[in-house]
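**Q** Take a look at this one; I'll ask things after.
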Amino acid sequence: MRFSSSTAALALAAGALGTPAAADLTAQEVWNDMRSYLSSFGYEVTATDAMSGDTLSVRDVTMRLPLPEDGGTVALELPEISFTENEDGTVSVAYPETSEMRVEARPPDAEAVDMTLAVMHRDLEVLVSGDDSRMTYDYTASELGLSLAELVVEGESLDSDKVSVDVTASGMAGQSVVTPGELRDLEQRVTVAEVSYDVNTPAMEGERGSAAFDGALRALTFEGTARIPQDMDMQDMSAAFAAGYAFDGQIGYTGGNTDFTFEEDGQTVTGSTSSDRSRFRAAMDADRLTYAGSGAGTQINVEGSDLPFPIEAAIGETAFDFSAPVGTTEDPEPFNLLVELRDFTMGEQIWAMFDPGQMLPREPASIVMDIAGMARVLGDVFDPQAMQRMAMNEDVPAELHALDLSQFLVSMLGAELTGQGAFTFDNSDRATFDGMPRPEGTLSLRLEGAEALLDTLMQMGLLPQEQAMGARMMMGMFAVPAGPDTLESTIEINEQGQVLANGQRIQ
């Protein structure tokens, strides 16, 4: 669902720009800058404009964007946009209450799809202030909407009762500030009281059935900055980043829910998901890439005619954070990776499938891994041809120089494994460890509750006795007792490439 692409019609055009200044703006300056902004993303903009009094009327506006690999086009069509010069030096921009977005998808190895989307607004107000060197777009709307008007697949039109898409954003307010130039600087802040969606689709080809989704996200916020070079080619990201393209944005909401239904050959699956909050951040420039996200209070419920009982699960907190260099580097640069899932629980009916006697602890499960390090990138990861050449030559795209494990946690079924460690890597020695750079450092591990868990699994018949004995032998080889049902292990790789467990050489 490309809701962001549709509001780029009302928000790309409606407001992706400018900041206040004392000088006056003209209607023509605002329209010229808007066209320049759209063109920088590859849009082909056509229109006719005429000035009458204090208002510039731009009619028959088409904003057309080619899809990658000659896969078709996306075009937004508006009958008219008007730019009115106010006495205080600002410019008011008015859009038609309804307009159309047309998608002609022609993927090389898939069905041809023609789609018409209706774009609407209620009470959209856009006010532009500043001057031609710096503009501020302030905008509000009681409602922005997107709905599927027509869908044609391989020349066959699908009835509206078989497929429908409706997305509505209510209570929108935002501000965009742009500084034009060879590199356009953009700052944007947007809040939306609620985004609701309702989607109905038929089953895949050759199947009988349908799928339906509806739900809402509440209290959405978006903040972001970008640097946009002129005449940027989004299909050549290597060149775009080399020209200075960069962005950093984060979006979040404080509550969301989805209800869904799948029907196929008389069988039905229904369910719902909800969460208390979620946040996602993405940032990228020629040197670095960052993705991060977090969530809390996730609930999942599923039931169906083929399921023996309802499925219930919950996750207290989730998080991920990844940052790494992407441009070719002379020296090692830092990177990090965090993966976190805390307080996972599931319904008693799921537990009862394999533990009807309630022998296993029902405490929440958690998994955490937090690593950081230093790496040197040897090729342009945004250049597919360069990456292909390196792969054909069996060249490594990056060198690992250091790795730190600051936190490792697996806690479930009454047992807990924790660890931390640090290693450096000698990339001049790839013989000692069969093609890998030679590591040097230590890893410390602590395991609690494993003996009790093995005993319980054997009593339940889930773990054969010989496999439990093998697990105990392995723990005895690599770990030493550190208290009741507690084992510790220190794995060390020294400068000579020797591997030691608790001081005893094992390689």
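**Q** What is the range 71-184 by shape, rounded, prolate or oblate, if you read a ≥ b ≥ c off the alpha carbon gyration tensor as root eigenvalues and call it rounded for a/c under 1.5, prolate for a/b larger than b/c, and oblate otherwise? Please list the in-between numbers first.
**A** Working: a/c = 2.97, a/b = 1.90, b/c = 1.57.
Judged from the Cα gyration tensor, the range 71-184 comes out prolate (a/c at least 1.5, a/b above b/c).
**Q** Sorting check: for 159-168, 105-114, which peptide has the highest mean count of neighbouring beta carbons within 10 Å, and how do the rest follow?
**A** For the peptides 159-168, 105-114, the packing ranking is 159-168, 105-114.
**Q** Return the label of the correct value of percent of Cα pairs over 31 Å apart, as calculated from the structure shown, out of [x] 45; [y] 62; [z] 50.
**A** [y]
**Q** Leaving out ligands, DNA and RNA, and with a 1.4 Å probe, what % of the accessible surface on the range 105-148 is carbon or sulfur? Present the calculation step by step, with values, prior to reporting the outcome.
**A** Values: 970 of 1940 Å².
Taking all protein chains in place, the range 105-148 shows 50 percent carbon and sulfur surface.
**Q** Going toward the positive end of the dipole of the chain, with +1 on Lys and Arg Cβ and -1 on Asp and Glu Cβ, which of 269, 141, 435 do you reach last?
**A** Working it through, the farthest residue towards the positive pole turns out to be 435.
**Q** Taking the Cα centre of the range 244-358 as the origin, how large is its charge dipole in debye, to the nearest 20, when only Lys and Arg (+1) and Asp and Glu (-1) carry charge on their Cβ atoms?
**A** Values: 5 positive and 20 negative charges, 71 e Å.
Computed charge dipole of the range 244-358: roughly 340 debye.
**Q** Follow-up question, since we're still on this one. Leaving out ligands and nucleic acids, note down the accessible area per residue over the chain with a 1.4 angstrom probe, in whole Å². Let's see the in-between values first.
**A** Numbers: 26560 Å² over 507 residues.
Per-residue accessible area for the chain comes out at 52 Å².
**Q** Mind checking the angle between helix 450-460 and the chain's longest principal axis? C-alpha axes, 0 to 90 degrees, to the nearest 10.
**A** Orientation of helix 450-460: about 90 degrees from the principal axis.
**Q** Okay, moving on. Evaluate 2.2 N^0.38 Å with N set to the residue count of the range 159-270, then give the Cα radius of gyration divided by it.
**A** On the way: Rg = 20.1 Å, N = 112, 2.2 N^0.38 = 13.2 Å.
Compactness ratio reported: 1.52.
**Q** Continuing with this model, one more query. Of the peptides 236-247, 475-486, how do they stack up when ordered by the mean number of other Cβ atoms within 10 Å, highest first? Kindly include the intermediate steps, with their values, before the conclusion.
**A** Numbers: 236-247: 16.9, 475-486: 13.8.
So the peptides 236-247, 475-486, ranked by packing, come out 236-247, 475-486.
**Q** If you take the beta carbon distance between residue 125 and residue 222 as r and set R0 to 22 Å, what does 1/(1 + (r/R0)^6) give as a FRET efficiency, to the nearest 0.05?
**A** Working: r = 19 Å, r/R0 = 0.86.
Once the sixth-power term is evaluated, E becomes 0.70.
**Q** For the range 310-467, what percent of Cα pairs sit more than 27 Å apart? Don't jump to the answer; show the numbers that get you there.
**A** On the way: 5856 of 12403 pairs.
That fraction is 47 percent.
**Q** Quick check for you: which residues of the range 431-458 have the amide N under 12 Å from the point 7 Å beyond the Cα of residue 399 toward its beta carbon?
**A** 437-438
**Q** Follow-up question, since we're still on this one. Going by alpha carbons, how many degrees (0 to 90, nearest 10) lie between the helix axis of 27-40 and the longest principal axis of the chain?
**A** Helix 27-40 and the main axis of the chain meet at about 40 degrees.
**Q** Using the Karplus equation 6.51 cos²θ - 1.76 cosθ + 1.60 (θ = phi - 60°), what ³J(HN,Hα) coupling, rounded to whole Hz, does each residue of the range 260-275 give in order, writing x for Gly and Pro?
**A** Ordered by residue, 3J(HN,Hα) equals 9, 9, 10, 10, 7, 6, x, 9, 10, 10, 10, x, 8, 10, 8, 8 Hz.
**Q** Would you calculate the separation in nanometres between label points at residue 468 and residue 331, each defined as 7 Å from the Cα along the Cα-to-beta-carbon direction?
**A** Output for this residue pair reads 5.6 nm.
**Q** While we're looking at this one, here's another question. Taking all protein chains in place and a 1.4 Å probe, what share, in percent, of the accessible surface of the range 422-507 do carbon and sulfur account for?
**A** On the way: 2920 of 5190 Å².
Carbon and sulfur: 56 percent of the exposed surface of the range 422-507.
**Q** Any chance you could run the full-extension gain for residue 422 through residue 265? It's 0.36 nm times the residue separation minus the Cα-Cα distance, nm to one decimal.
**A** Details: separation 157, 0.36 × 157 = 56.52 nm, distance 5.49 nm.
Extra length available between residue 422 and residue 265 comes to 51.0 nm.
**Q** Also: Which whole-number percent gives the relative contact order of the chain, counting Cα pairs below 8 Å spaced six or more residues apart? Each step should come with its number before you reach the end.
**A** Details: 1324 pairs, mean separation 35.4, N = 507.
RCO, the chain: 7 percent.
**Q** Right, another one. Relative contact order, percent, of the range 27-98 when contacts are C-alpha pairs under 8 Å separated by at least 6 residues? Don't skip to the answer; put the middle values down first.
**A** On the way: 122 pairs, mean separation 18.5, N = 72.
Rounded, it is 26 percent for the range 27-98.
**Q** Can I ask one more? Of all accessible surface on the range 151-207 at a 1.4 Å probe, what whole percent is carbon and sulfur?
**A** Numbers: 1470 of 3080 Å².
In the range 151-207, the share of accessible area belonging to carbon and sulfur is 48 percent.
**Q** Now a separate question. So how much slack lies between residue 460 and residue 214, counting 0.36 nm per residue of separation and subtracting their Cα-Cα distance, in nm?
**A** Working: separation 246, 0.36 × 246 = 88.56 nm, distance 4.20 nm.
Full extension of this stretch gives 84.4 nm more.
**Q** Per DSSP H run of at least 4 residues, take -39500 (n - 2.57); add these up for the chain, divide by its residues and hand me the 222 nm value, nearest 500 deg cm²/dmol.
**A** Numbers: 7 runs with 66 residues, N = 507.
That comes out to -3500 deg cm²/dmol.
**Q** How large is the dipole of the chain about the Cα centre if only Lys and Arg carry +1 and Asp and Glu carry -1, each at its Cβ, rounded to the nearest 20 debye?
**A** Approximately 1140 debye in magnitude.
The values are calculated or read from the model by the stated rules, or taken from the named source; none is laboratory data. Note that the structure is a prediction, hence the values are computed from the model and not measured. Cβ sites come from the backbone with ideal geometry, for glycine too, and all protein chains shown count toward neighbours. These accessible areas exclude ligands, DNA and RNA; they are computed on the full protein's heavy atoms, side chains included. Shrake-Rupley method; radii C 1.70, N 1.55, O 1.52, S 1.80 Å.
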